[in-house]
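The values are calculated or read from the model by the stated rules, or taken from the named source; none is laboratory data. Just so it is clear, the model here is predicted, and its values are computed rather than measured. Quick reminder, even Gly has a Cβ in these numbers, built from the backbone with ideal geometry, and neighbours come from all protein chains shown.
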Amino acid sequence: MDNKLHLDTDTCRWLKARFGLIYLKDGLAPFCDDVAKQQQREILNHIKQTKKLLTVTCSECDLGTLKPDHEKTDNKCPFGQKYCNCCKTGCKIACRNKVCGAIYDKIITSHVTKAPNWKNTDVKKWTNDSWSIAKCFIYTGGYEQKSSAADTDCAGLLHVIINNTYFHDRIGCKITGSDVFTKVRTYRNEIVHTSTMKLEKVRLDTYIDGMIAVLHDGKELKGKQYVQDTVKKLEELKNEDFIITSQRRECQIVLADMKTLKKNIDKGLEDINNSIEGLATKDACEKLERQISTLESIVSKLTEEVKRLGTDNSADKEQSNYENLKKDLQKRLIKLYKKDVLRMSAMPLEQESDLNDFEDVYVRPRMTIAKKDKKEDKKEVDVLSMSDIFTNDDESIKSVYVLGEAGSGKSSFL
């Protein structure tokens with residue numbers, strides 16, 4: 001029985017697109033790290049000068065109680081933020097070092113929509129960690145533990161570039177919503193969220209060309225050596241002969257070895273043919289012809305062996321890589337649900353604050369199942385386990401209806 005996973009061409013193209021996202025991240029990370037450090041440095045220098053401070057540092061403030069430097073006007077945030085600290089009830093404490101409130105304001109004014117994602121950041125790190133400021137510009141959650149640009153995926157890096165106006169001054173492209181950075185962010189979502197994990201060549205080329213266009217931005221990115229090296233890797237992914245393995249370096253080695261072998265073979269055959277043309281004796285010609293035949297036979301066997309080894313090795317490693325990707329996806333989904341989904345307020349009237357772990361505040365309701373006996377009389381049976389809900393006489397139930405009064409806990413249970 002053949003237990004190897006043989007991937008079809010369309011699936012291999014999807015894997016190439018995933019590699020493309022990894023390459024794109026490698027090309028953007030150093031740039032984003034440099035610009036984030038520049039932004040933090042300028043913010044701190046501005047605060048130091050305007051507030052006449054000797055040092056600009058703080059590790060004491062908390063986001064939930066931090067008082068911004070700006071004040072609300074007409075009971076509204078002047079920046080249009082719905083959940084800004086200037087409007088929240090409860091005691092707000094101004095930064096004792098006169099720093100964090102000003103950074104809070106600067107993050108808001110640097111955001112294209114004036115609505116940073118505060119869940120990704122830690123206020124206590126703002127003055128000594130530039131990436132803690134940059135993460136406020138990542139729209140989605142799940143990045144609170146990411147400590148650097150190198151530790152952030154390409155989606156997060158693209159969010160930082162697109163949503164942070166400070167980055168706009170470092171790229172030649174104008175962010176309009178239909179620009180190449182925004183398109184590639186959409187491409188990333190299409191690649192990651194496809195259910196078939198297959199791609200046609202024209203679609204793969206579109207994705208890779210978009211990634212290359214991002215790195216070819218003419219202001220600062222294009223001229224950097226690490227960006228140029230990344231572009232070469234992306235261009236190789238468009239080659240149909242590029243072999244997918246679990247290690248990208250092995251892909252390049254296998255492809256390079258096959259090209260070198262072909263080059264050497266062609267040169268050897270050319271040299272022998274030239275030698276034949278220069279010989280006059282019949283015996284010498286026949287001898288060289290036999291050598292050519294032998295060489296061609298050896299070359300044919302070597303070529304087939306290289307192809308076989310490349311295919312078998314690729315299939316084994318692709319299977320391992322595929323299984324690892326599935327396990328990694330499961331872990332990330334569990335982590336995402338625990339941190340961003342399975343959180344709720346203990347007080348229904350305050351849904352946006354003081355979120356707790358679901359299991360800490362959830363009270364399992366008493367539930368019954370409505371059944372009919374042989375006489376068609378309805379009766380209610382208490383639910384003792386999940387299997388009571390989803391199975392009946394050991395057979396799976398396709399449709400389950402949950403009924404109850406308002407506020408009885410239906411949504412929380414689901």
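What to note about this one:
- Any hit, region 92-112, residues being closer than 30 Å to residue 226 by Cα and touching a Pro at 6+ places or on another chain (Cβ under 6 Å): yes
- Exclusive hit being of a type in the set (Phe, Trp, Tyr), in the same structural domain as residue 158 (by TED's automatic domain parsing) and touching a Ser or Thr at 6+ places or on another chain (Cβ under 6 Å), set 83, 23, 104: 23
- The one condition in (1) modelled with pLDDT of 80 or more; (2) hydroxyl-bearing (Ser, Thr, Tyr); (3) more than 37 Å from the chain's Cα centre (by Cα) that residue 401 fails to fulfil: (3)
- If you go through region 49-67 and keep only what is without any contact (Cβ under 8 Å) to a residue 40 or more places away in the chain and surrounded by 15 or more Cβ atoms within 10 Å (Cβ to Cβ), you end up with just 67.
- Residue match in region 15-29 (condition: touching a strand residue (DSSP E or B) at 6+ places or on another chain (Cβ under 9 Å), within 26 Å of residue 130 (Cβ to Cβ) and either at pLDDT below 90 or not basic (Lys, Arg) (or both)): no
- Residue that is among the basic types (Lys, Arg) and more than 25 Å from residue 104 (Cβ to Cβ), where the choices are 201, 124, 146, 135: 201
- Of the residues making up region 134-148, not one is surrounded by 24 or more Cβ atoms within 10 Å (Cβ to Cβ), under 20 Å from residue 186 (Cα atoms) and touching a residue at least 40 places away in the same chain (Cβ under 8 Å).
- Within region 129-147, the residues that satisfy the criterion of being closer than 17 Å to residue 66 by Cβ and not aliphatic (A, V, I, L, M) are 129, 132, 135, 136, 144.
- Pairs with Cβ under 7 Å, 6+ apart, first in region 182-198 and under 14 Å from residue 215 (Cβ atoms), second modelled with pLDDT of 95 or more and among the aromatic types (Phe, Trp, Tyr): 187/207
- Just one of the numbered conditions (1) surrounded by fewer than 16 Cβ atoms within 10 Å (Cβ to Cβ); (2) more than 23 Å from residue 45 (Cβ to Cβ); (3) modelled with pLDDT of 95 or more is not true of residue 151: (3).
- Hits in region 342-363 - residues which are loosely packed, with under 13 Cβ neighbours inside 10 Å and at pLDDT below 70: 346, 347, 348, 349, 350, 351, 352, 353, 354
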